[in-house]
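Right, one structure below, let's go through it.
The values are calculated or read from the model by the stated rules, or taken from the named source; none is laboratory data. These figures come from a predicted structure and were not determined experimentally. Every residue, glycine as well, gets a Cβ built from its backbone with ideal geometry; the counts of neighbours run over all protein chains shown.
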Amino acid sequence: MASFFSKLFGTTPKEPEIYYSMNYRVDGVRLTVKVNNETVISDDYEFQGTGARPLNAWTRPGVNLLSVALETLKGEDADMSCKILFSRDQPGMMAGDGEIIWDFAWDSRSDEKLPHEWQQEFTI
């Protein structure tokens, strides 16, 4: 929705044509997500947490780098998990309904032990 002043003076901010976003569900881990080495989210999820976040503010034309780092908040034998869907969405879509950039999943049965970091590049 345009503001009163933009309507009055005829300047309406242009909305992006493509949205980059992430949906996440985590349990028992400290999650840090970075885009181009800038922290987008860094929080502890001792118990299950879910959410979505737009990423356009951290992206740039060309090659971009997504990073996911996990650290344990529970004992080694505890059930822990992290699932993140990174997507390229069109206007009007819900976060995650567009083209999948990276479908990241980890749980305590995985071969990778925590702490660990994963990276994925994508191009705009």
So, in the range 1-19, exactly how many residues are under 25 Å from residue 89 (Cβ atoms) and either at pLDDT 95 or above or of a type in the set (S, T, N, Q) (or both)? 3
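Restricting to the range 96-124, count the residues that are among the charged types (D, E, K, R) and more than 21 Å from residue 76 (Cβ to Cβ). First the steps, then the outcome.
Our first condition is that a residue be among the charged types (D, E, K, R); within the range 96-124, this holds for 97, 99, 103, 107, 109, 111-113, 117, 121.
Subsequent filtering for residues that are more than 21 Å from residue 76 (Cβ to Cβ) retains 97, 99, 103, 121.
Total satisfying the criteria: 4.
Quick check on the range 80-124: of everything there that is among the hydroxyl-bearing types (Ser, Thr, Tyr) and over 22 Å from residue 56 (Cβ atoms), which residue is modelled with the highest pLDDT? Talk me through it step by step, then tell me what you get.
So the first thing to find is which residues in the range 80-124 are among the hydroxyl-bearing types (Ser, Thr, Tyr), and the list is 81, 87, 108, 110, 123.
From the residues that got through so far, the ones that are over 22 Å from residue 56 (Cβ atoms) too are 81, 108, 110.
Working: 81: 96, 108: 92, 110: 92.
That would be 81.
Farther than 20 Å from residue 95 by Cα and either part of a strand (DSSP E or B) or aromatic (Phe, Trp, Tyr) (or both): does that describe residue 53? Walk me through how you get there before you give the answer.
On the way: farther than 20 Å from residue 95 by Cα: no; either part of a strand (DSSP E or B) or aromatic (Phe, Trp, Tyr) (or both): yes.
Spelling it out, it is not the case that residue 53 is farther than 20 Å from residue 95 by Cα and either part of a strand (DSSP E or B) or aromatic (Phe, Trp, Tyr) (or both).
Might you check whether a residue that is of a type in the set (Ser, Thr, Tyr) and under 14 Å from the mean Cα position of the chain (by Cα) occurs anywhere in the range 84-98?
We begin by selecting, within the range 84-98, every residue of a type in the set (Ser, Thr, Tyr); these are 87.
With the extra rule that they be under 14 Å from the mean Cα position of the chain (by Cα), the set shrinks to 87.
Yes.
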